Amino acid sequence: MVIRRYRCCTTCGRTKRTTTKREHFICRSCRGFTRFIADKISGVEKFPFTLGEKHLAIIICLKEEALSAKKISERTIIPLATVYRLISQLLYGGFIGQAGLIYELKEKTRIIFIKLEEWDLEWLFLRKKEGDPRKMRFHAIQGEFVVSNPPNDFEKYLLRVFRLPFSAEIFCVGRNKNPTGLKFRVLDCSVVMSSPTSISVTFPYIWVNEVGESMVAQGYCKLSLLIDALGTKLEEIFPGLKIDCFNPFNLTYQEIAITDSKYAKRYYEEHGSHLKEEKLKTDKSESFETETTQYRTAAEDIVEGIRREKAEDEQ
């Protein structure tokens with residue numbers, strides 16, 4: 001009988017149920033996100049292996065100090081023969097180095113994991129939980145992929161000659177009685193393919209668990225990861241489809257909000273109404289929020305909202 005226990009993830013600190021017994025447990029969300037970042041290390045773009053949970057357990061084990069293979073095996077509870085096989089793969093990829101019988105992280109790998117520890121590694125689609133502190137919420141994010149090559153035989157998907165790995169709605173554009181497009185959800189995103197070269201996307205909420213000017217960039221980094229992942233997924237689903245690799249996406253609408261806003265709450269208590277400016281407004285949807293109104297300048301406008309929040313903290 002398999003026993004599943006609650007374990008604390010070594011990377012993000014969240015508690016998950018798992019059958020893993022080794023000392024270092026890495027949840028599924030962190031494995032995917034860490035793997036994506038680790039693949040960006042210079043020199044390992046053609047790494048022929050997939051960085052799995054055991055690879056990451058060894059890397060995290062070596063993060064604190066250089067160790068021998070036997071010590072790594074004892075700390076990670078991975079058989080020694082398997083440790084040697086995984087170490088050879090990590091050596092080949094340039095993730096770790098060897099000095100005699102001792103193995104240590106390469107500096108470029110150490111820098112990547114330092115950066116990961118400073119980031120919020122919550123999953124991209126994490127919904128806000130009751131009682132959490134103020135956050136930034138990127139929402140109503142819409143745009144279009146730039147298609148450099150349309151998918152092969154797109155009309156056969158409309159006629160259901162080719163099957164998709166998920167349910168999709170077929171629709172007609174205008175007065176055309178023949179099916180012309182597809183609507184479906186993938187990676188929690190709503191995708192509308194009006195034609196082989198027109199792919200519109202509405203993204204889910206993206207949360208940043210801290211309010212600060214530098215944190216705005218983190219939200220857009222999360223969005224860029226999601227755009228890359230969705231583009232790659234669509235290319236896998238539709239053979240022949242190619243998304244432009246230099247300018248893959250055109251953003252057509254976005255809003256950024258500060259949830260549980262002290263500034264929005266104080267403004268309502270003093271004036272009995274919500275703020276309505278050209279670039280900022282306050283409202284109470286899920287909570288008191290300060291949010292942007294102009295999608296073209298949302299990134300700059302939310303900085304003014306952040307400064308007003310900081311002014312409230314100083315009072």
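Annotations for the structure displayed:
- Unmet requirement for Leu234, which otherwise passes all of (1) surrounded by fewer than 17 Cβ atoms within 10 Å (Cβ to Cβ); (2) farther than 23 Å from Ala311 by Cα; (3) of a type outside the set (Gly, Ala, Ser): (1)
- Filtering the stretch 55-113 to residues that are at pLDDT 90 or above and of a type in the set (Phe, Trp, Tyr) leaves Tyr84, Tyr103.
- Of all residues in the stretch 126-138, none are farther than 27 Å from Glu300 by Cβ, outside any helix (DSSP H, G or I), in contact with a helix residue (DSSP H, G or I) (Cβ under 9 Å, 6 or more places away or on another chain) and at pLDDT below 80.
- Residue check for Lys222: assigned to a helix (DSSP H, G or I), among the basic types (Lys, Arg) and either modelled with pLDDT under 85 or on the phi > 0 side of the Ramachandran plot (or both): yes
- Unmet criterion (only one of (1) assigned to a helix (DSSP H, G or I); (2) farther than 21 Å from Glu169 by Cβ) for Pro239: (1)
- Pairs where the first residue, in the stretch 152-163, is in the same structural domain as Asn176 (by TED's automatic domain parsing) and surrounded by 15 or more Cβ atoms within 10 Å (Cβ to Cβ) and the second is among the aliphatic types (A, V, I, L, M) and in a loop (DSSP other than H, G, I, E, B), C-beta under 7 Å, 6+ apart: Tyr157/Leu164
- Residue count for the stretch 291-305, restricted to those that are of a type in the set (A, V, I, L, M) and surrounded by fewer than 20 Cβ atoms within 10 Å (Cβ to Cβ): 2
- Test: residue in the stretch 189-208 that is touching a Phe, Trp or Tyr at 6+ places or on another chain (Cβ under 7 Å) and without any contact (Cβ under 8 Å) to a residue 24 or more places away in the chain: no
- Residue pairs meeting the criteria (Cβ under 7 Å; at least 6 apart or on separate chains; first in contact (Cβ under 8 Å) with a residue 24 or more places away in the chain, in the stretch 61-83; second part of a loop (DSSP other than H, G, I, E, B) and of a type in the set (Lys, Arg)): Thr76/Arg22; Ile77/Lys21; Ile77/Arg22; Ile78/Arg22
- Residues satisfying the criterion are absent from the stretch 145-154 (criterion: at pLDDT below 85 and either outside any loop (DSSP other than H, G, I, E, B) or touching a Pro at 6+ places or on another chain (Cβ under 7 Å) (or both)).
Yes/no matrix, rows are residues, columns are (1) among the polar types (S, T, N, Q); (2) under 20 Å from the mean Cα position of the chain (by Cα); (3) closer than 17 Å to Ser190 by Cα:
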{"position": "Met215", "(1), (2), (3)": "no, yes, no"}
{"position": "Gly240", "(1), (2), (3)": "no, no, no"}
{"position": "Tyr263", "(1), (2), (3)": "no, no, no"}
{"position": "Tyr267", "(1), (2), (3)": "no, no, no"}
{"position": "Lys276", "(1), (2), (3)": "no, no, no"}
{"position": "Lys284", "(1), (2), (3)": "no, no, no"}
{"position": "Thr292", "(1), (2), (3)": "yes, no, no"}
{"position": "Ala299", "(1), (2), (3)": "no, yes, no"}
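The values are calculated or read from the model by the stated rules, or taken from the named source; none is laboratory data. Computed from a predicted structure; not experimentally measured. Methodologically, a virtual Cβ is constructed for each residue, glycine included, from the backbone with ideal geometry; neighbour enumeration extends over all protein chains shown.
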